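Written below as C-alpha coordinates is the structure these notes are about.
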Amino acid sequence: MNTKYIFITGGVASSLGKGIIASSLAKLLQARGLRVTIQKFDPYINIDPGTLNPYEHGECYVTEDGAETDLDLGHYERFLGVYTSQANNVTTGRIYHTVITKEREGAYLGKTVQIVPHITDEIKRRMLLLGQTGDYDIILTEIGGTIGDMESQPFVEAVRQLQWELPEEDCMSIHLTLIPYLSAAKELKTKPTQHSVQALQQGGVKPDVIVCRTEHPLSAELRRKIALFCNVRPGHVIQSIDAWSIYQVPLNMHEEHLDEIAVRKLQIDNFAVPELGRWRTFLERIKNPSHEVEIVLVGKYVELQDAYKSIQEAFVHAGAANDCRVHVRTLQSETITPKNVGELLKGADGILVAPGFGERGLEGKVHAIKYVRENGIPFLGICLGMQMCVVEFARNVLGYADASSTEKDPDTTHPVIDMMEEQKKTTIKGGTMRLGAYACTLKEGSLAASLYGSLAIRERHRHRYEFNSEYLDEFEKHGMMATGRNPETGLVEIVELPSHPFFIGSQFHPEYKSTPENPHPLFKGLVAAALEYKKVKA
Ligand code: GLN
(Lines give C-alpha, C1' and ligand atoms only; values in the text may rest on other atoms or scores of the structure.)
Protein backbone atom coordinates (compact mmCIF):
# COMPACT_ATOMS: atom_id res chain seq x y z
CA MET A 1 0.00 0.00 0.00
CA ASN A 2 1.23 3.51 -0.82
CA THR A 3 1.61 5.93 2.05
CA LYS A 4 -1.60 7.91 2.36
CA TYR A 5 -1.80 11.60 3.20
CA ILE A 6 -4.53 13.39 5.12
CA PHE A 7 -4.39 17.20 5.22
CA ILE A 8 -6.20 19.14 7.92
CA THR A 9 -6.91 22.84 7.58
CA GLY A 10 -8.92 25.12 9.80
CA GLY A 11 -11.24 28.00 9.12
CA VAL A 12 -13.46 30.67 10.70
CA ALA A 13 -11.48 31.01 13.92
CA SER A 14 -8.27 29.84 15.52
CA SER A 15 -8.13 27.60 18.62
CA LEU A 16 -10.82 25.23 17.33
CA GLY A 17 -8.72 22.23 18.27
CA LYS A 18 -7.32 21.09 14.93
CA GLY A 19 -4.61 19.27 16.84
CA ILE A 20 -7.17 17.31 18.83
CA ILE A 21 -9.18 16.40 15.71
CA ALA A 22 -5.99 15.32 13.93
CA SER A 23 -4.90 13.32 16.97
CA SER A 24 -8.32 11.73 17.33
CA LEU A 25 -8.53 10.58 13.73
CA ALA A 26 -4.94 9.36 13.94
CA LYS A 27 -5.79 7.44 17.11
CA LEU A 28 -8.73 5.73 15.42
CA LEU A 29 -6.67 4.77 12.39
CA GLN A 30 -3.89 3.49 14.64
CA ALA A 31 -6.48 1.52 16.60
CA ARG A 32 -7.45 -0.13 13.31
CA GLY A 33 -3.91 -1.47 13.09
CA LEU A 34 -2.44 1.17 10.76
CA ARG A 35 0.94 2.83 11.30
CA VAL A 36 0.23 6.52 11.71
CA THR A 37 2.03 9.75 12.48
CA ILE A 38 1.05 13.42 12.51
CA GLN A 39 3.06 16.43 11.45
CA LYS A 40 2.37 20.12 11.83
CA PHE A 41 3.25 22.90 9.40
CA ASP A 42 3.17 26.30 11.09
CA PRO A 43 3.01 29.46 9.01
CA TYR A 44 5.02 31.71 11.35
CA ILE A 45 8.54 32.86 10.54
CA ASN A 46 10.33 31.73 13.70
CA ILE A 47 12.48 28.71 12.84
CA ASP A 48 10.82 26.94 15.78
CA PRO A 49 8.77 28.04 18.80
CA GLY A 50 11.82 27.72 21.10
CA THR A 51 12.34 31.47 21.14
CA LEU A 52 8.66 32.28 21.72
CA ASN A 53 7.33 33.49 25.02
CA PRO A 54 4.65 31.04 26.27
CA TYR A 55 2.17 33.92 26.27
CA GLU A 56 2.53 34.01 22.47
CA HIS A 57 1.95 30.42 21.58
CA GLY A 58 1.50 28.34 24.71
CA GLU A 59 3.95 25.72 25.90
CA CYS A 60 7.01 24.81 23.89
CA TYR A 61 7.02 21.02 23.58
CA VAL A 62 10.29 19.08 23.34
CA THR A 63 10.71 15.83 21.43
CA GLU A 64 13.01 12.93 22.20
CA ASP A 65 15.47 14.12 19.53
CA GLY A 66 15.57 17.61 21.01
CA ALA A 67 13.29 19.57 18.70
CA GLU A 68 11.48 22.52 20.27
CA THR A 69 8.01 22.28 18.81
CA ASP A 70 4.43 23.42 18.83
CA LEU A 71 2.38 22.11 21.73
CA ASP A 72 0.17 20.11 19.35
CA LEU A 73 3.01 17.61 19.03
CA GLY A 74 2.41 16.90 22.70
CA HIS A 75 -1.17 15.93 21.83
CA TYR A 76 0.07 13.76 18.97
CA GLU A 77 2.38 11.85 21.31
CA ARG A 78 -0.18 11.57 24.09
CA PHE A 79 -2.88 10.24 21.77
CA LEU A 80 -0.71 7.91 19.71
CA GLY A 81 1.86 6.87 22.29
CA VAL A 82 4.61 7.17 19.65
CA TYR A 83 7.44 9.66 19.56
CA THR A 84 7.51 12.54 17.12
CA SER A 85 10.72 14.18 15.94
CA GLN A 86 12.20 17.29 14.39
CA ALA A 87 10.65 16.30 11.05
CA ASN A 88 7.13 16.46 12.53
CA ASN A 89 7.11 20.23 12.96
CA VAL A 90 8.03 22.61 10.17
CA THR A 91 7.62 26.39 10.09
CA THR A 92 7.71 28.97 7.32
CA GLY A 93 10.97 30.11 8.88
CA ARG A 94 12.53 26.69 8.41
CA ILE A 95 11.28 26.44 4.82
CA TYR A 96 12.71 29.85 3.89
CA HIS A 97 15.94 29.13 5.74
CA THR A 98 16.48 26.00 3.64
CA VAL A 99 15.63 27.73 0.37
CA ILE A 100 17.76 30.80 1.09
CA THR A 101 20.71 28.65 2.20
CA LYS A 102 20.44 26.68 -1.03
CA GLU A 103 20.28 29.90 -3.01
CA ARG A 104 23.49 31.12 -1.37
CA GLU A 105 25.13 27.79 -2.14
CA GLY A 106 24.29 28.34 -5.78
CA ALA A 107 21.77 25.54 -6.04
CA TYR A 108 19.36 27.62 -8.14
CA LEU A 109 22.01 29.38 -10.21
CA GLY A 110 20.51 31.39 -12.99
CA LYS A 111 16.97 31.10 -11.68
CA THR A 112 14.81 33.66 -9.92
CA VAL A 113 13.90 32.11 -6.56
CA GLN A 114 10.15 32.45 -5.98
CA ILE A 115 7.34 31.36 -3.67
CA VAL A 116 6.05 29.17 -6.49
CA PRO A 117 7.80 26.86 -7.25
CA HIS A 118 10.76 27.06 -4.84
CA ILE A 119 9.03 27.64 -1.52
CA THR A 120 6.10 25.38 -2.39
CA ASP A 121 8.49 22.66 -3.62
CA GLU A 122 10.35 22.77 -0.31
CA ILE A 123 7.03 22.57 1.59
CA LYS A 124 5.99 19.57 -0.51
CA ARG A 125 9.36 17.88 -0.03
CA ARG A 126 8.96 18.16 3.71
CA MET A 127 5.33 17.07 3.63
CA LEU A 128 6.38 13.82 1.96
CA LEU A 129 9.53 13.21 4.02
CA LEU A 130 8.09 11.05 6.80
CA GLY A 131 6.05 9.11 4.24
CA GLN A 132 9.26 8.13 2.47
CA THR A 133 10.75 6.44 5.53
CA GLY A 134 8.46 3.45 4.98
CA ASP A 135 7.59 3.57 8.67
CA TYR A 136 4.03 4.79 8.21
CA ASP A 137 0.85 3.88 6.34
CA ILE A 138 -0.76 7.23 6.96
CA ILE A 139 0.65 10.71 7.49
CA LEU A 140 -1.71 13.34 8.85
CA THR A 141 -0.58 16.89 8.17
CA GLU A 142 -2.05 19.71 10.19
CA ILE A 143 -1.69 23.16 8.63
CA GLY A 144 -1.44 25.76 11.39
CA GLY A 145 -3.30 29.06 11.21
CA THR A 146 -6.64 29.85 9.63
CA ILE A 147 -7.64 29.68 5.97
CA GLY A 148 -7.59 33.15 4.47
CA ASP A 149 -4.45 34.21 6.34
CA MET A 150 -1.87 35.58 3.95
CA GLU A 151 0.89 33.53 5.56
CA SER A 152 -0.79 30.15 5.10
CA GLN A 153 -1.26 30.54 1.34
CA PRO A 154 1.96 28.77 0.25
CA PHE A 155 0.97 25.78 2.40
CA VAL A 156 -2.49 25.60 0.84
CA GLU A 157 -0.88 25.83 -2.59
CA ALA A 158 1.47 22.96 -1.67
CA VAL A 159 -1.51 20.86 -0.58
CA ARG A 160 -3.29 21.68 -3.86
CA GLN A 161 -0.28 20.57 -5.88
CA LEU A 162 0.17 17.36 -3.89
CA GLN A 163 -3.49 16.47 -4.33
CA TRP A 164 -2.98 16.90 -8.04
CA GLU A 165 0.30 14.97 -8.15
CA LEU A 166 -0.56 12.00 -5.94
CA PRO A 167 -3.07 9.30 -6.91
CA GLU A 168 -6.55 10.38 -5.89
CA GLU A 169 -6.93 7.53 -3.40
CA ASP A 170 -3.74 8.54 -1.56
CA CYS A 171 -4.95 11.97 -0.49
CA MET A 172 -7.70 13.35 1.62
CA SER A 173 -8.52 16.83 2.85
CA ILE A 174 -10.39 17.70 6.02
CA HIS A 175 -11.50 21.21 6.88
CA LEU A 176 -12.36 22.12 10.46
CA THR A 177 -14.69 25.04 11.03
CA LEU A 178 -16.86 26.65 13.66
CA ILE A 179 -20.66 26.74 13.58
CA PRO A 180 -21.48 29.63 15.90
CA TYR A 181 -24.71 29.66 17.91
CA LEU A 182 -26.53 32.97 18.07
CA SER A 183 -28.40 32.87 21.33
CA ALA A 184 -30.64 35.84 20.49
CA ALA A 185 -31.88 34.06 17.36
CA LYS A 186 -31.51 30.60 18.94
CA GLU A 187 -29.84 29.47 15.75
CA LEU A 188 -26.67 27.78 14.54
CA LYS A 189 -25.14 29.67 11.65
CA THR A 190 -23.45 28.05 8.66
CA LYS A 191 -22.41 31.13 6.68
CA PRO A 192 -18.91 31.49 8.17
CA THR A 193 -18.29 27.85 7.23
CA GLN A 194 -19.51 28.45 3.69
CA HIS A 195 -17.13 31.39 3.36
CA SER A 196 -14.24 29.49 4.79
CA VAL A 197 -14.75 26.60 2.37
CA GLN A 198 -15.05 29.07 -0.48
CA ALA A 199 -11.70 30.56 0.48
CA LEU A 200 -10.17 27.11 0.62
CA GLN A 201 -11.60 26.21 -2.77
CA GLN A 202 -10.33 29.45 -4.24
CA GLY A 203 -6.92 28.10 -3.34
CA GLY A 204 -7.80 24.98 -5.31
CA VAL A 205 -8.27 22.63 -2.35
CA LYS A 206 -11.59 20.85 -2.19
CA PRO A 207 -12.36 19.38 1.22
CA ASP A 208 -13.55 15.77 1.36
CA VAL A 209 -14.87 16.19 4.88
CA ILE A 210 -15.97 19.16 6.94
CA VAL A 211 -15.69 18.82 10.68
CA CYS A 212 -17.86 21.36 12.46
CA ARG A 213 -17.04 22.52 15.97
CA THR A 214 -20.28 23.34 17.69
CA GLU A 215 -21.79 23.83 21.12
CA HIS A 216 -25.12 22.34 20.02
CA PRO A 217 -25.97 19.23 17.95
CA LEU A 218 -26.30 19.77 14.20
CA SER A 219 -29.64 18.66 12.75
CA ALA A 220 -29.76 16.45 9.66
CA GLU A 221 -31.13 19.40 7.77
CA LEU A 222 -28.28 21.66 8.78
CA ARG A 223 -25.73 19.02 7.81
CA ARG A 224 -27.36 18.68 4.42
CA LYS A 225 -27.25 22.42 3.94
CA ILE A 226 -23.55 22.60 4.78
CA ALA A 227 -22.85 19.63 2.48
CA LEU A 228 -24.76 21.20 -0.40
CA PHE A 229 -23.26 24.66 -0.16
CA CYS A 230 -19.75 23.46 0.61
CA ASN A 231 -19.81 20.80 -2.06
CA VAL A 232 -19.04 17.72 0.04
CA ARG A 233 -20.96 14.45 0.17
CA PRO A 234 -23.97 14.51 2.50
CA GLY A 235 -22.52 12.06 5.00
CA HIS A 236 -19.22 13.94 5.13
CA VAL A 237 -20.28 16.75 7.43
CA ILE A 238 -19.10 15.73 10.85
CA GLN A 239 -20.18 17.24 14.10
CA SER A 240 -17.57 17.85 16.78
CA ILE A 241 -19.53 18.94 19.79
CA ASP A 242 -17.82 20.33 22.89
CA ALA A 243 -16.53 17.29 24.78
CA TRP A 244 -16.08 16.86 28.53
CA SER A 245 -12.51 15.72 27.92
CA ILE A 246 -10.20 15.95 24.92
CA TYR A 247 -9.68 12.20 25.35
CA GLN A 248 -13.38 11.64 24.57
CA VAL A 249 -12.99 13.17 21.10
CA PRO A 250 -11.70 9.99 19.34
CA LEU A 251 -14.83 8.16 20.47
CA ASN A 252 -17.04 11.03 19.29
CA MET A 253 -15.27 11.04 15.93
CA HIS A 254 -15.74 7.29 15.65
CA GLU A 255 -19.46 7.69 16.31
CA GLU A 256 -19.54 10.22 13.50
CA HIS A 257 -17.78 7.63 11.25
CA LEU A 258 -14.77 9.86 10.55
CA ASP A 259 -12.34 6.91 10.53
CA GLU A 260 -14.65 4.90 8.30
CA ILE A 261 -14.93 7.78 5.83
CA ALA A 262 -11.12 8.06 5.83
CA VAL A 263 -10.40 4.39 5.10
CA ARG A 264 -13.04 4.39 2.36
CA LYS A 265 -11.77 7.57 0.73
CA LEU A 266 -8.19 6.33 0.90
CA GLN A 267 -9.25 2.91 -0.37
CA ILE A 268 -7.59 1.09 2.50
CA ASP A 269 -8.82 -2.48 2.73
CA ASN A 270 -9.26 -2.30 6.42
CA PHE A 271 -12.31 -3.81 7.95
CA ALA A 272 -10.94 -3.75 11.46
CA VAL A 273 -12.98 -2.12 14.16
CA PRO A 274 -10.78 0.26 16.15
CA GLU A 275 -9.40 -1.52 19.21
CA LEU A 276 -9.91 1.11 21.90
CA GLY A 277 -10.17 -1.04 25.03
CA ARG A 278 -7.37 0.61 27.01
CA TRP A 279 -8.47 4.05 25.90
CA ARG A 280 -12.02 3.41 27.10
CA THR A 281 -10.73 2.10 30.44
CA PHE A 282 -8.70 5.29 30.88
CA LEU A 283 -11.78 7.40 30.05
CA GLU A 284 -13.89 5.49 32.56
CA ARG A 285 -11.26 6.18 35.18
CA ILE A 286 -11.20 9.93 34.61
CA LYS A 287 -14.98 10.15 34.49
CA ASN A 288 -15.94 8.98 37.96
CA PRO A 289 -12.92 8.69 40.23
CA SER A 290 -13.38 7.82 43.92
CA HIS A 291 -10.97 10.45 45.28
CA GLU A 292 -9.87 14.00 44.66
CA VAL A 293 -6.87 16.12 45.54
CA GLU A 294 -5.83 19.70 45.01
CA ILE A 295 -2.44 20.37 43.50
CA VAL A 296 -1.18 23.94 43.35
CA LEU A 297 0.79 24.72 40.21
CA VAL A 298 3.16 27.58 40.97
CA GLY A 299 4.33 29.38 37.85
CA LYS A 300 4.57 32.72 36.19
CA TYR A 301 2.64 32.09 32.96
CA VAL A 302 -0.49 30.92 34.78
CA GLU A 303 -2.83 33.41 33.07
CA LEU A 304 -2.59 31.43 29.86
CA GLN A 305 -4.25 28.02 29.91
CA ASP A 306 -1.91 26.54 27.31
CA ALA A 307 1.37 27.62 28.92
CA TYR A 308 1.69 24.43 31.01
CA LYS A 309 -0.26 22.10 28.73
CA SER A 310 1.82 18.96 29.20
CA ILE A 311 1.88 19.39 32.98
CA GLN A 312 -1.90 19.77 33.09
CA GLU A 313 -2.33 16.66 30.95
CA ALA A 314 0.19 14.67 32.99
CA PHE A 315 -2.03 15.31 36.03
CA VAL A 316 -5.05 13.91 34.17
CA HIS A 317 -3.07 10.74 33.43
CA ALA A 318 -1.68 10.49 36.95
CA GLY A 319 -5.15 11.09 38.40
CA ALA A 320 -6.58 8.18 36.39
CA ALA A 321 -3.78 5.93 37.63
CA ASN A 322 -4.70 6.84 41.23
CA ASP A 323 -8.49 6.68 40.81
CA CYS A 324 -8.47 10.34 41.68
CA ARG A 325 -9.54 13.67 40.21
CA VAL A 326 -6.71 16.16 40.36
CA HIS A 327 -7.82 19.76 40.70
CA VAL A 328 -4.93 21.84 39.49
CA ARG A 329 -5.08 25.32 41.00
CA THR A 330 -2.65 27.72 39.40
CA LEU A 331 -0.83 30.27 41.51
CA GLN A 332 1.06 33.26 40.11
CA SER A 333 4.48 33.00 41.73
CA GLU A 334 4.97 36.79 41.66
CA THR A 335 2.23 37.17 44.26
CA ILE A 336 3.85 34.89 46.86
CA THR A 337 5.57 36.47 49.87
CA PRO A 338 6.88 34.89 53.09
CA LYS A 339 3.84 36.43 54.80
CA ASN A 340 1.03 35.21 52.56
CA VAL A 341 2.47 31.85 51.50
CA GLY A 342 0.57 29.84 54.14
CA GLU A 343 -2.69 31.47 53.16
CA LEU A 344 -2.05 31.00 49.43
CA LEU A 345 -1.16 27.33 49.80
CA LYS A 346 -4.06 26.54 52.12
CA GLY A 347 -5.91 23.47 50.94
CA ALA A 348 -3.03 22.25 48.80
CA ASP A 349 -2.40 18.51 48.99
CA GLY A 350 0.68 18.84 46.84
CA ILE A 351 2.55 21.46 44.90
CA LEU A 352 4.34 21.57 41.62
CA VAL A 353 6.79 24.36 40.91
CA ALA A 354 6.89 24.90 37.17
CA PRO A 355 9.67 25.36 34.64
CA GLY A 356 10.47 28.85 33.44
CA PHE A 357 13.02 31.39 32.32
CA GLY A 358 14.25 34.71 33.63
CA GLU A 359 13.98 36.51 36.89
CA ARG A 360 10.29 37.30 37.24
CA GLY A 361 8.50 35.31 39.95
CA LEU A 362 11.63 33.46 41.11
CA GLU A 363 11.56 34.62 44.72
CA GLY A 364 7.90 33.59 45.06
CA LYS A 365 8.88 30.08 44.02
CA VAL A 366 11.54 30.01 46.72
CA HIS A 367 9.02 31.09 49.39
CA ALA A 368 6.56 28.40 48.28
CA ILE A 369 9.26 25.71 48.39
CA LYS A 370 10.41 26.73 51.88
CA TYR A 371 6.83 26.35 53.04
CA VAL A 372 6.29 22.89 51.55
CA ARG A 373 9.69 21.67 52.73
CA GLU A 374 8.99 22.75 56.30
CA ASN A 375 5.40 21.52 56.32
CA GLY A 376 5.87 18.12 54.73
CA ILE A 377 3.63 18.92 51.73
CA PRO A 378 4.35 16.69 48.70
CA PHE A 379 6.48 18.58 46.18
CA LEU A 380 7.65 18.16 42.63
CA GLY A 381 9.88 20.83 41.09
CA ILE A 382 10.52 20.73 37.37
CA CYS A 383 13.58 22.30 35.76
CA LEU A 384 13.49 25.89 37.11
CA GLY A 385 11.33 24.45 39.93
CA MET A 386 14.13 22.02 40.77
CA GLN A 387 16.73 24.78 40.54
CA MET A 388 14.74 26.91 42.99
CA CYS A 389 14.46 24.07 45.50
CA VAL A 390 18.26 23.88 45.42
CA VAL A 391 18.50 27.64 45.97
CA GLU A 392 15.99 27.49 48.83
CA PHE A 393 17.92 24.70 50.53
CA ALA A 394 21.21 26.58 50.17
CA ARG A 395 19.73 29.73 51.68
CA ASN A 396 17.68 28.30 54.50
CA VAL A 397 19.45 25.06 55.43
CA LEU A 398 23.07 25.62 54.42
CA GLY A 399 22.79 29.24 55.58
CA TYR A 400 24.05 30.95 52.41
CA ALA A 401 21.73 33.93 52.49
CA ASP A 402 22.66 35.15 49.03
CA ALA A 403 22.75 31.74 47.32
CA SER A 404 21.14 31.92 43.90
CA SER A 405 21.11 30.86 40.31
CA THR A 406 23.44 32.89 38.12
CA GLU A 407 20.48 33.25 35.75
CA LYS A 408 19.09 35.70 38.31
CA ASP A 409 22.18 36.92 40.19
CA PRO A 410 25.31 36.65 38.05
CA ASP A 411 27.42 37.97 40.95
CA THR A 412 26.15 35.80 43.81
CA THR A 413 28.89 34.50 46.09
CA HIS A 414 27.15 31.10 46.17
CA PRO A 415 26.17 30.14 42.62
CA VAL A 416 24.51 26.84 43.53
CA ILE A 417 22.85 26.83 40.12
CA ASP A 418 25.21 27.90 37.39
CA MET A 419 25.35 28.01 33.64
CA MET A 420 26.56 24.78 32.03
CA GLU A 421 30.12 25.05 30.69
CA GLU A 422 29.24 24.51 27.04
CA GLN A 423 26.47 27.10 27.31
CA LYS A 424 28.92 29.85 28.22
CA LYS A 425 30.23 29.86 24.65
CA THR A 426 26.86 30.26 22.94
CA THR A 427 25.50 33.65 21.99
CA ILE A 428 22.82 32.35 19.63
CA LYS A 429 19.54 31.82 21.48
CA GLY A 430 17.56 29.53 19.15
CA GLY A 431 17.97 25.76 19.50
CA THR A 432 21.11 25.99 21.64
CA MET A 433 19.89 24.84 25.06
CA ARG A 434 20.55 21.35 26.37
CA LEU A 435 17.65 19.78 24.52
CA GLY A 436 16.01 16.40 24.17
CA ALA A 437 16.46 13.05 25.86
CA TYR A 438 19.49 12.14 27.95
CA ALA A 439 20.19 9.06 30.02
CA CYS A 440 19.97 9.28 33.79
CA THR A 441 21.10 6.76 36.39
CA LEU A 442 19.10 6.55 39.59
CA LYS A 443 20.47 5.82 43.02
CA GLU A 444 19.41 2.49 44.45
CA GLY A 445 16.96 2.86 47.32
CA SER A 446 15.96 6.39 46.34
CA LEU A 447 12.37 7.57 46.01
CA ALA A 448 12.95 8.13 42.29
CA ALA A 449 14.19 4.55 41.84
CA SER A 450 11.16 3.16 43.60
CA LEU A 451 8.77 5.31 41.53
CA TYR A 452 10.38 4.38 38.21
CA GLY A 453 10.94 0.77 39.19
CA SER A 454 14.25 0.92 37.32
CA LEU A 455 17.68 2.48 37.67
CA ALA A 456 18.19 3.51 34.05
CA ILE A 457 15.85 6.14 32.64
CA ARG A 458 15.80 8.62 29.76
CA GLU A 459 14.15 11.98 30.09
CA ARG A 460 13.86 15.18 28.04
CA HIS A 461 15.61 18.43 28.83
CA ARG A 462 15.42 22.11 27.97
CA HIS A 463 17.77 24.29 30.00
CA ARG A 464 21.05 26.22 30.15
CA TYR A 465 21.73 26.11 33.89
CA GLU A 466 22.54 23.18 36.14
CA PHE A 467 23.23 22.15 39.74
CA ASN A 468 26.74 23.33 40.59
CA SER A 469 28.36 20.07 41.69
CA GLU A 470 31.06 21.88 43.69
CA TYR A 471 28.37 22.16 46.35
CA LEU A 472 27.15 18.59 46.12
CA ASP A 473 28.98 17.17 49.18
CA GLU A 474 27.67 19.91 51.35
CA PHE A 475 24.10 19.45 50.15
CA GLU A 476 24.25 15.71 50.72
CA LYS A 477 25.76 16.14 54.20
CA HIS A 478 22.75 18.25 55.11
CA GLY A 479 20.17 15.91 53.63
CA MET A 480 19.52 16.96 50.04
CA MET A 481 20.60 14.03 47.89
CA ALA A 482 21.42 13.80 44.20
CA THR A 483 19.54 10.62 43.31
CA GLY A 484 19.64 10.89 39.54
CA ARG A 485 22.76 11.74 37.53
CA ASN A 486 23.83 11.71 33.95
CA PRO A 487 26.06 8.62 33.55
CA GLU A 488 28.52 10.40 31.23
CA THR A 489 28.82 13.92 32.62
CA GLY A 490 27.75 13.41 36.23
CA LEU A 491 25.27 16.26 35.86
CA VAL A 492 22.74 16.23 38.70
CA GLU A 493 19.32 15.46 37.21
CA ILE A 494 17.28 14.69 40.35
CA VAL A 495 17.47 15.92 43.94
CA GLU A 496 15.49 14.52 46.86
CA LEU A 497 15.00 15.10 50.57
CA PRO A 498 14.74 11.60 52.11
CA SER A 499 13.61 13.15 55.41
CA HIS A 500 10.51 14.58 53.71
CA PRO A 501 7.45 12.45 52.75
CA PHE A 502 7.72 13.39 49.06
CA PHE A 503 10.17 15.99 47.82
CA ILE A 504 11.64 15.65 44.33
CA GLY A 505 13.23 18.12 41.96
CA SER A 506 14.00 17.04 38.41
CA GLN A 507 16.21 18.98 36.05
CA PHE A 508 14.40 17.27 33.16
CA HIS A 509 10.77 17.61 32.10
CA PRO A 510 8.83 14.47 33.02
CA GLU A 511 5.58 15.98 31.70
CA TYR A 512 6.62 15.57 28.06
CA LYS A 513 6.58 11.79 28.27
CA SER A 514 3.34 11.22 30.16
CA THR A 515 0.50 9.63 28.17
CA PRO A 516 -2.95 8.29 29.12
CA GLU A 517 -1.74 4.76 28.58
CA ASN A 518 1.61 5.38 30.30
CA PRO A 519 1.22 7.93 33.07
CA HIS A 520 4.52 9.33 34.26
CA PRO A 521 5.93 7.79 37.47
CA LEU A 522 6.84 11.14 39.05
CA PHE A 523 3.36 12.58 38.49
CA LYS A 524 1.77 9.32 39.58
CA GLY A 525 3.92 9.41 42.71
CA LEU A 526 3.09 13.04 43.47
CA VAL A 527 -0.66 12.38 43.20
CA ALA A 528 -0.38 9.26 45.38
CA ALA A 529 1.60 11.26 47.97
CA ALA A 530 -0.98 14.06 47.81
CA LEU A 531 -3.76 11.53 48.50
CA GLU A 532 -1.79 10.22 51.45
CA TYR A 533 -1.10 13.73 52.74
CA LYS A 534 -4.79 14.60 52.47
CA LYS A 535 -5.72 11.50 54.50
CA VAL A 536 -3.20 12.25 57.24
CA LYS A 537 -4.17 15.95 57.31
CA ALA A 538 -7.88 15.13 57.76
N1 GLN B 1 15.83 28.88 33.08
C2 GLN B 1 16.36 27.63 33.52
C3 GLN B 1 17.52 27.16 32.66
O4 GLN B 1 17.68 27.59 31.56
C5 GLN B 1 15.28 26.57 33.60
C6 GLN B 1 14.70 26.21 32.29
C7 GLN B 1 13.38 25.48 32.39
O8 GLN B 1 12.71 25.52 33.42
N9 GLN B 1 12.98 24.82 31.33
O10 GLN B 1 18.27 26.32 33.06
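Report, in listed order, any pair from 27/287; 309/425; 27/189; 365/477 with a Cα-Cα distance greater than 27 Å. Pairs exceeding the cut-off: 309/425; 27/189.
With an a/c value of 1.5 or above and a/b not larger than b/c for the gyration tensor axes a ≥ b ≥ c computed over the alpha-carbon atoms, segment 418-474 is described as oblate. Kindly work out what percent of the DSSP beta bridges joining two residues of segment 37-143 are antiparallel, to the nearest 5. So the antiparallel bridges in segment 37-143 amount to around 20 percent. Seen through its C-alpha gyration tensor, with square-root eigenvalues sorted a ≥ b ≥ c, segment 179-258 comes out oblate because a/c lies at 1.5 or above while a/b is not bigger than b/c.
Taking Cβ atoms as reference points and 12 Å as the exclusive limit, the residues near residue 537 contribute a net charge of 0, counting Lys and Arg as +1 and Asp and Glu as -1.
Label segment 398-538 by shape, choosing from rounded, prolate and oblate, from the square roots a ≥ b ≥ c of the eigenvalues of the Cα gyration tensor; if a/c is under 1.5 it is rounded, and otherwise prolate applies when a/b is larger than b/c, oblate when it is not. Oblate, since a/c reaches 1.5 and b/c is not below a/b. The residues of the chain expose, per residue, 42 Å² of accessible area to a 1.4 Å probe. Annotation for segment 458-538: GluC sites (Glu not before Pro) lying in DSSP loop with at most 10 further Cβ atoms inside 10 Å of their Cβ are 488. What percentage of the solvent-accessible surface of segment 207-255, computed with a 1.4 Å probe over protein heavy atoms, is contributed by carbon and sulfur atoms? On segment 207-255, the fraction of accessible area on carbon and sulfur atoms equals 51 percent. Here residue 111 is the anchor, and the lysines within straight C-alpha reach of less than 20 Å, apart from those fewer than 8 places off in the same chain, are 102, 124. Of the listed residues 408, 225, the order by accessible area with a 1.4 Å probe, largest first, is 225, 408. With N as its number of residues, the chain has a Cα radius of gyration that, divided by 2.2 N^0.38 Å, comes to 1.03. Of the solvent-accessible surface of segment 399-518, computed with a 1.4 Å probe over protein heavy atoms with every protein chain present, carbon and sulfur atoms account for 50 percent. Secondary structure note: in the chain, about 30% of the DSSP beta bridges are antiparallel. Between 416, 24, 185, the Cα set farthest toward the positive side of the dipole of the chain (charges on each charged residue's Cβ, about the Cα centre) is that of 185. At a 1.4 Å probe radius, carbon and sulfur cover how many percent of the accessible area of segment 341-391? The C+S portion of the solvent-accessible surface of segment 341-391 is 50 percent. Of all trypsin sites (Lys or Arg not before Pro) in segment 294-344, which ones are in loop regions per DSSP and have a Cβ with at most 12 other Cβ atoms within 10 Å? In loop regions of segment 294-344 (DSSP not H, G, I, E or B), the sparsely surrounded trypsin sites (Lys or Arg not before Pro) are 339.
Listed here are the pairs 346/534; 408/443; 4/513; 443/524; which of them are more than 21 Å apart at the Cα? Checking Cα-Cα distances, 408/443; 4/513 exceed 21 Å.
The values are calculated or read from the model by the stated rules, or taken from the named source; none is laboratory data. Just so it is clear, the structure is predicted and the values come from calculations on it, not from any experiment. Reconstructed Cβ throughout: ideal geometry from the backbone, glycine too, with neighbour counts over all protein chains shown. Note: areas computed on protein heavy atoms with side chains; ligands, DNA, RNA excluded. Shrake-Rupley method; radii C 1.70, N 1.55, O 1.52, S 1.80 Å.
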